[in-house]
Each structure stands twice: as C-alpha cells, then as structure tokens.
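Notes follow once the structure below has been shown.
The values are calculated or read from the model by the stated rules, or taken from the named source; none is laboratory data. Not measured: the values here are computed from a predicted model. Methodologically, a virtual Cβ is constructed for each residue, glycine included, from the backbone with ideal geometry; neighbour enumeration extends over all protein chains shown. Note: accessible area is taken over every heavy atom of the protein model, side chains too, but ligands, DNA and RNA are not part of it. Shrake-Rupley method; radii C 1.70, N 1.55, O 1.52, S 1.80 Å.
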Amino acid sequence: MQKLKVILAVAGLLLIGFIGGFLTNRQLVQQRVHELRQLGEGKGFGERFLERIETEPEQELHLREIFEEYGPRFRELNASHRLERTQLADSLFQEVTPLLTEDQLQESQRWRRMLSRSPHMKKKRRRPHENPHK
C-alpha cells in the first residue's frame, strides 16, 4: 500500500510539472505573439531597445519621439517588401505553371505561399537527421 502511495505521489508531481510547464510555455508564446503583432501594427517600436539601455526619464522621452517617427516608416518598408515578394512569386509562377501537371501545380502552391511571405514570418524547420552544430 505504501508503494502505491509513493507511485501516485510521484505521478501526481510529474503531472503537475507537465501541466505547469505547458501553461507557462503557452503564456510566454502568447506574450511574444502579442509583441510581434504590436510591432506589425507599428506600435511599440523601439521598446526593447529602451528596456535594454536603461534610459533616464528625459532621455527616454526624446528617444520615444524618434521611435514614433521611425516605427511607421519601418512598417511601410516591410509592407512594400511583402508586396514585391508577392509580385515576384506571381511572375515566377506565370512562367512555371504551363510546364507543370495538375498534381505538380497543387503541390507547388505551398511553396508559392512560402515565397510570397516574408522570410522571418516562418522559421525554417530542421529535419530530425540534420545536425545544427556542424
């Protein structure tokens, strides 16, 4: 009976640890996604910079004004790059499409979407057999 209690206690602690880790990870991911969305909307540009350099209050006010000016400009630049990538992908597929079969066209759509997106929107996934420390 004593062994059963120990096993149940250990299993319970493991379960609590897994649940706690899952919830913590979920919260951190949601927080990061929220920050990225804010940046995409041009809000909070330069916040990380200000957090890291430990500014004085007056200095921070001047720096925030500068970042408020540059934030929309960076957002506009990202939007224009995204548009250019989409146009280039469309041009490529106008030339490639006549050479592909119907099955190949369906398979190529995922690659086409990848080409249209910004390179930093999706991390490159490593294959399990690849060694990142080569």
Legend entry - segment 25-45, subset closer than 21 Å to Arg73 by Cα and of a type in the set (D, E, K, R), residue modelled with the highest pLDDT: Glu35
Legend entry - Any hit, segment 85-98, residues being under 30 Å from Phe49 (Cα atoms) and open to solvent by less than 100 Å² (accessible area, probe 1.4 Å): yes
Legend entry - Single match in Phe67, Phe74 (criterion: farther than 30 Å from Arg110 by Cβ and out of contact with any His (no Cβ under 8 Å at 6 or more places or on another chain)): Phe67
Legend entry - Selection from segment 15-27 of residues that are open to solvent by 100 Å² or more (accessible area, probe 1.4 Å) and not basic (Lys, Arg): Leu15, Ile16, Phe18, Phe22, Gln27
Inset, instruction - Go through segment 46-59 residue by residue and tally those that are within 20 Å of Phe74 (Cα to Cα), of a type outside the set (Gly, Ala, Ser) and open to solvent by less than 90 Å² (accessible area, probe 1.4 Å). - result: 2
Inset, instruction - Can you run down the residue pairs with Cβ atoms below 6 Å, 6 or more apart or on separate chains, where the first is in segment 81-93 and polar (S, T, N, Q) and the partner is assigned to a helix (DSSP H, G or I)? - result: Thr86/Ser116
